[in-house]
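The block underneath contains the structure these notes are about, expressed in structure tokens.
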Amino acid sequence: MTTAVATGAALSAADRCDRCGAQAYVRAELGNGGELLFCAHHAREHDEQLRKIAVSIHDETGRLAEVPEVAPDDER
């Protein structure tokens, strides 16, 4: 069976870090068609090596700083 990965598809809460199981915010697409998912912590930890082996890296760690629209005014 061959699985295709949608390039640039947004990561969701269902996507989990391959290292620790936390929510993934970084997807590294490999040349062989595989992918690695990482939480922000492990993506930073393995950044140098990922850049050597990844064809592309989709990074959504900026979402961690966003304030949800439903947040109370005093949290904005």
Original post:
Among D47, D15, D59, which one moves the most in a GNM of the chain with springs linking Cα atoms closer than 10 Å?
Top reply: D47
**OP:** Report, in debye and to the nearest 20, how large the dipole of the chain comes out about its Cα centre when Lys and Arg carry +1 and Asp and Glu carry -1 on their Cβ.
**Re:** 400
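Once fully extended, how much extra length lies between V70 and A22, figured as 0.36 nm per residue of separation less the alpha-carbon to alpha-carbon distance? It would help to have the intermediate numbers written out before the result.
Working: separation 48, 0.36 × 48 = 17.28 nm, distance 2.32 nm.
Between V70 and A22, full extension yields 15.0 nm more.
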Original post:
Once amide H atoms are placed 1.01 Å from N in the peptide plane, what residues at a sequence separation of 5 or more from L30, or on another chain, have their amide H within under 5 Å of its amide H?
Top reply: E35, L36, V55
Original post:
Once the piece of chain linking H41 and D59 is laid out straight, how much longer is it, given 0.36 nm per residue of separation minus the C-alpha distance between them?
Top reply: 5.3 nm
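All of the numbers you see were taken from the coordinates with simple rules; none came from a lab. From a predicted model like this one, the values you see are computed outputs, not experimental measurements. Virtual Cβ from ideal backbone geometry, glycine too; neighbours counted across all protein chains shown.
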